[in-house]
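Beneath this line is the structure, given in structure tokens, with notes to follow.
The values are calculated or read from the model by the stated rules, or taken from the named source; none is laboratory data. None of these values were measured; they are calculated from a predicted model. Virtual Cβ from ideal backbone geometry, glycine too; neighbours counted across all protein chains shown. Note: accessible area is taken over every heavy atom of the protein model, side chains too, but ligands, DNA and RNA are not part of it. Shrake-Rupley method; radii C 1.70, N 1.55, O 1.52, S 1.80 Å.
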Amino acid sequence: MQRPEIITIDGPAGSGKSTLGELLARQLGYLYFDTGVMYRALTWAALHRQTDVYNQEMLEHLAHQVVIEVVAPMQDDGRQYTVLLDGTDITWEIRQAEVDRNVSVVARYPGVRAEMRRRQRVIGQRGHVVMVGRDIGTIVMPEAPLKIYLDASLETRARRRMAEQRRRDDTVSLEETRASVARRDELDQHVMQPAPDARILHSDTHSPEEEVAWIIALFDSAEPPSSM
Ligand code: DC
């Protein structure tokens, strides 16, 4: 396989997509683009404006109004990128538990999805990009030559999410996080199908470095394995 210009990584919450995506992009010198950030930014915008997230029409309208930019880190505080909403830095705000609780509802509205997918596609079509999300290989960039579907057990994913959240809030429990991840799995079901030509990777027993090595090995082998 020639080195693909677009690599998609899809999979459920907490499967390790962002760690893998960032590492892979850095190794290849590609742009790392976490598409979930766009749904999170829109959700935060609605909460901040006290717009009812269950009001589909308002949310679909808001999706066309807001300017969401994902740029290189503007501060050295452990962030992978800076997220700007109408010019305001909301990088950490979009990780709040309130956004976690509401984002799957917002991401279900067809008008929201259509607009976010359109914007994501514009970025993807520029190439040299590792795009991370749920529906990137299936709908946003189906022409991508290399598609990864990253999976892991609920237990592993809940533990990872808790470790991530504990950096900002040391009161979250594993039970709480497990329930929240399971609830999001249910709400995200509609976009959780791997593309038919995706390579399935299970991250429970592999480190991100091993995963990157496996993906890079795919470029060189004539008969690559379909799963790890
Ligand atoms: O990956 P994440 O947890 O940051 O995603 C946030 C939400 O956005 C999650 O509920 C799924 C949704 N999402 C989506 O529907 N499609 C994408 N391409 C990326 C995320």
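Just want the answer: with Cβ charges of +1 for Lys and Arg and -1 for Asp and Glu, which residue in MET131, PRO142, THR205 is farthest toward the dipole's positive end in the chain?
Of the options given, the answer is PRO142.
Would you please state the base-10 log of I(q)/I(0) at q = 0.21, 0.25 1/Å for segment 104-179, with intensities from the Debye formula using one equal scatterer on every alpha carbon?
Rounded to two decimals, the profile gives -0.97, -1.04.
Anyone know which of ASP135, ASP188, ASP169 comes out most mobile in the 10 Å Cα GNM of the chain?
ASP169
Taking amide H atoms as placed 1.01 Å from N in the peptide plane, list the residues 5 or more away in sequence, or in a different chain, whose amide H sits under 5 Å from that of LEU31.
Amide H to amide H, under 5 Å and 5 or more residues apart or across chains, LEU31 pairs with VAL129, VAL130.
Can you tell me how much longer the chain between THR171 and SER207 gets when fully stretched, taken as 0.36 nm per residue apart minus their C-alpha distance, in nm with one decimal?
Difference between extended and current length: 10.3 nm.
Over what distance in Å are the Cα centres of segment 113-155 and segment 1-66 separated?
Value for the Cα centre distance between the two parts: 9 Å.
Please identify the trypsin sites (Lys or Arg not before Pro) of segment 49-149 that satisfy two criteria: DSSP loop assignment and at most 13 other Cβ atoms within 10 Å. Which are they?
Sites meeting the loop and neighbour criteria: ARG49, ARG126.
Under a point spin-label approximation (7 Å from Cα along Cα-to-Cβ), what is the HIS48-GLN75 distance to one decimal in nm?
1.3 nm
Would you kindly calculate the translational diffusion coefficient of segment 5-91, applying Stokes-Einstein with the Kirkwood radius from alpha carbon pairs, for 10 °C and a viscosity of 1.306 mPa s, and quote it in µm² s⁻¹ without decimals?
The Stokes-Einstein estimate is 110 µm²/s.
Just how large is the dipole of segment 96-227 about the Cα centre, in debye to the nearest 20, putting +1 at every Lys and Arg Cβ and -1 at every Asp and Glu Cβ?
Magnitude of the dipole: close to 640 debye.
Which ³J(HN,Hα) values, rounded to whole Hz and listed in residue order, are derived for segment 68-75 from phi using the Karplus coefficients 6.51, -1.76 and 1.60 in 6.51 cos²θ - 1.76 cosθ + 1.60 with θ = phi - 60°, glycine and proline given as x?
Each residue of segment 68-75 in turn: 10, 10, 10, 10, 4, x, 9, 9 Hz.
What figure in square angstrom, to the nearest 10, would you give for the accessible area of TRP44 with a 1.4 Å probe?
Estimated to the nearest 10 Å², TRP44 gives 40 Å².
To the nearest 10 Å², what's THR156's accessible area with a 1.4 Å probe?
30 Å²
Give me the log10 of I(q) over I(0) for segment 149-228 at q = 0.17, 0.20 Å⁻¹, as the Debye formula computes it from C-alpha points; what are the numbers?
These q points yield log10 I(q)/I(0) values of -0.81, -0.98.
Select from GLN75, GLN65, GLN165 the residue whose mean-square fluctuation is largest in a Gaussian network model of the chain (Cα-Cα springs shorter than 10 Å).
Maximum fluctuation in the GNM of the chain, among the listed residues, is at GLN75.
Nearest 500 deg cm²/dmol is fine: what mean residue ellipticity at 222 nm does the chain get from its DSSP H runs of n ≥ 4 alone, each adding -39,500 (n - 2.57), divided by its residue count?
-14000 deg cm²/dmol
Once phi is turned into ³J(HN,Hα) by the Karplus curve 6.51 cos²θ - 1.76 cosθ + 1.60 with θ = phi - 60°, what whole-Hz value does each residue of segment 146-151 show in order, with x for glycine and proline?
10, 10, 10, 10, 9, 10
Would you kindly calculate the mean projected area, averaged across all directions, of the convex hull enclosing the Cα atoms of the chain, in square nanometres?
Projected over every direction and averaged, the Cα hull of the chain covers 12.0 nm².
Heavy-atom accessible area per residue, segment 65-140, 1.4 Å probe: how many Å²?
That works out to 45 Å² for each residue.
Starting from the amide H of ILE9, placed 1.01 Å from N in the peptide plane, find each other amide H under 5 Å away whose residue is 5 or more places distant or on another chain.
MET131, VAL132, GLY133, ILE148
For the chain, with only Lys/Arg (+1) and Asp/Glu (-1) charged at the beta-carbon, what is the dipole magnitude about the Cα centre, in debye rounded to 20?
240 debye
Ignoring ligands, DNA and RNA, what percent of the 1.4 Å accessible area of segment 71-217 is carbon and sulfur?
For segment 71-217, the apolar C and S fraction of the accessible surface comes to 53 percent.
Roughly how large, in nm² to one decimal, is the mean projection of the convex hull of the alpha-carbon atoms in segment 44-114?
Result: a mean projected hull area of 4.9 nm².
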